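Chemist: Quick one: structure below, then a few questions.
Computed from the coordinates by the stated procedures, all read-outs in this text should not be read as laboratory data. These numbers were taken from a predicted model, which means no experiment stands behind them. Counting neighbours? That spans all protein chains shown, and the Cβs are built from the backbone with ideal geometry, glycine included.
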Amino acid sequence: MTGRDSNGGDDTDNTGATVRLRDGIEIELSDGTTVVADANRPNGDINVLSHAHGDHLYDDPPDGMICSALTAALAESRREDAGALARGTSPEIELHEAGHVAGSRAAEITDPDSGRTYCYTGDISTRSRSYLTGFEPPEADVLVTETTYGSPEYVFPEQAEIEAEIVDWLDETANRPVLLFGYSLGRAQKLQLLAREADRTRLLVSKAIDRINEVIEAFVDVSFDAERSGPDTELEAGDALVLPSGTNNLAFVDSIVEETGALKAGFSGWAVNEAFRYRGDYDATFPLSDHCDFAELEGVVKAIDPEIVYTHHGFADEFAAHCTSLGYEARTLKRNQTALGDF
Ligand SMILES: [Zn+2]
C-alpha cells in the first residue's frame, strides 16, 4: 500500500521511501539516503546522470557521479570541463542500456533496508538501432518513467520503415542540397548514417555535431566520416548538411536556402503531428525519434509490472491516467510540490 501525502507532490510509501520531482528526480531510501538523478545542481548522497542531453545535465559536477564512461565524456565535452567529472559507483545502483542516445543509461536502484527496487528510466527507447541497444526493462517494484510521447496519437511507424522513407527522400532530392535538423547528440548521428546510405555526394556537419561525433567515435565502433562545415563552405547540389535542431528558423539558414535552394527537413517524434512541419518551416518531416512512443511506453510498464508508476515529462498526466486504466497505481510527479518537512 502506498499513501499519498497531503501535498500530493511526493510520495512516502510504507517502507519510508519517497519519490519527488525537484531539481531532477529524488528518491529518498528508507534509511534516509537520497538518490538524485539528472539534476542541474546534484546534491544527493548518490548522484546519477542518465545521459548528456542539456535538460538532464549538471551545471557543476559532484564527486562520484554515476553514469556511463561515454556519458561522462560527452558531458565534459558539452560543459567544456574535460577531466572535471569524477565517476563513481554504488552498491545500490545498477545501470542498464537506455537505448536513447550514445551513452544513455537507466538506473535500477535497490533500497538496502527494504529490498524495494526502483527503475528510473531517464529518456528511453526500446528500439535497437544503429549502434544503440534498445532498453530492456528490468524488474522493479517502482517505475519512474519519462512520458514524452505518453499520448495515444504518438505511435511511430516501424524503425526500418521510417529509415527507408528518409533514405528514399534523400535520393529523390539529390539534385538539391538538403539541410537536416536534429539534436546534436542523438538524431544528428543517425541522420549522418542515413545520409551515408543515400546517394549524396558530401556529408557535412556543424562544429557542435562534429565535436560530439569525435567523442562517440572514441567509444563506439562507428565512423561518421563527415566534413565539418564552416562559413566558407559552399553548399552544392547533392550535399547533405546536418545542423542542430533549433537552428532551422535562424537567419543563416534562411540565407543558405535563398542562395542554394536547399531543402529543410526536420526529424522528431513530434512529426506525427502536421503542426511540427508548419512551425519549423520544413519542406519535409519524419517521425524519427530517440524516445519510446505511446505503445512502447505501455510495453515498458507491462514488462516491469511495478506496484506503482510515477510519470514525468510530456504527457505525464495522460499517461498516468492510462496506467491507472490498466490497473496500476500511477501518479504524476509535479515540480515544486514539496512536503512541509522539507523546510
Ligand atoms: Zn534525452
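Chemist: Which FRET efficiency value, to the nearest 0.05, is calculated for residue 295 and residue 207 with the Förster distance at 45 angstrom and r the Cβ-Cβ distance?
Modeler: 0.75
Chemist: Where Lys and Arg each count +1 and Asp and Glu each count -1, what net charge lies around residue 317 among other residues with Cβ under 12 Å from its Cβ?
Modeler: With Lys, Arg at +1 and Asp, Glu at -1, the net is +1.
Chemist: Hey, for a label at residue 214 modelled as a point 7 Å past Cα toward Cβ, could you say which residues of the stretch 78-122 have their backbone N under 12 Å away?
Modeler: 78
Chemist: Rounded to the nearest 0.05, what FRET efficiency do residue 318 and residue 59 have when you use their Cβ-Cβ distance and R0 = 35 Å?
Modeler: 0.65
Chemist: Where both residues lie in the stretch 159-286, what percent of DSSP beta bridges are antiparallel, nearest 5?
Modeler: 0 percent
Chemist: Sum up the charges of everything whose Cβ sits under 12 Å from the Cβ of residue 76, counting Lys and Arg as +1 and Asp and Glu as -1, but leave residue 76 out.
Modeler: Net of charged neighbours comes to +2.
Chemist: Same structure, new question: Quick check: the angle from helix 187-197's long axis to the longest principal axis of the chain, C-alpha only, nearest 10 degrees?
Modeler: Taking the Cα atoms of the chain, the angle to 187-197 is about 40 degrees.
Chemist: Kindly work out what percent of the DSSP beta bridges joining two residues of the chain are antiparallel, to the nearest 5.
Modeler: Of those bridges, close to 40 percent are antiparallel.
Chemist: What length, rounded to one decimal in nm, is gained on full extension from residue 43 through to residue 325, with 0.36 nm per residue of separation minus their alpha-carbon distance?
Modeler: So the extension gain works out to 97.9 nm.
Chemist: Let me ask something else. Using amide H atoms built in the peptide plane, which far-off residues or other-chain residues are under 5 Å from residue 263 H to H?
Modeler: 178, 179
Chemist: Follow-up question, since we're still on this one. With a cap of 16 neighbouring Cβ atoms within 10 Å, and only residues DSSP puts in a loop, list the GluC sites (Glu not before Pro) found in the stretch 39-132.
Modeler: Passing both the DSSP loop test and the Cβ count: 80.
Chemist: Under 5 Å between amide hydrogens, which residues at least 5 positions from residue 329 or on another chain qualify, with H placed 1.01 Å from N in the peptide plane?
Modeler: Amide H neighbours of residue 329: 309.
Chemist: In Å and whole numbers, how far do the C-alpha atoms of the chain stretch along each principal axis, longest first?
Modeler: Result for the chain: principal-axis Cα extents of 65, 45, 34 Å.
Chemist: Now, a different point. Cross-link candidates for residue 264: which lysines have Cα within less than 23 Å, leaving aside residues fewer than 8 places away along the same chain?
Modeler: Reachable lysines: 190, 207.
Chemist: Suppose we look only past 24 Å in the calculated P(r) of the stretch 159-286. What percent of the Cα-Cα pairs does that tail hold?
Modeler: Here the tail beyond 24 Å accounts for 20 percent of pairs.
Chemist: Gain in length, residue 87 to residue 165, computed as 0.36 nm per residue apart minus the alpha-carbon separation, to one decimal in nm?
Modeler: 24.0 nm
Chemist: What is the local net charge at residue 247, summed over the other residues whose Cβ is closer than 14 Å to its Cβ (Lys, Arg +1; Asp, Glu -1)?
Modeler: Combined, the nearby Lys, Arg, Asp and Glu give +1.
Chemist: Quick one: helix 316-325 against the long Cα principal axis of the chain, what's the angle to the nearest 10°, folded into 0 to 90?
Modeler: That helix lies at roughly 60 degrees to the long axis.
Chemist: By how many degrees, 0 to 90 and rounded to 10, does the Cα axis of helix 207-219 deviate from the longest principal axis of the chain?
Modeler: Relative to the chain, helix 207-219 is tipped by roughly 60 degrees.
Chemist: Still on this structure, please answer the following. Ordered by residue, what ³J(HN,Hα) values in Hz, to whole numbers, does the stretch 93-108 give under the Karplus form 6.51 cos²θ - 1.76 cosθ + 1.60, where θ = phi - 60° and Gly and Pro are x?
Modeler: Along the stretch 93-108, the couplings run 10, 10, 9, 10, 3, 9, x, 8, 9, 3, x, 5, 9, 9, 10, 9 Hz.
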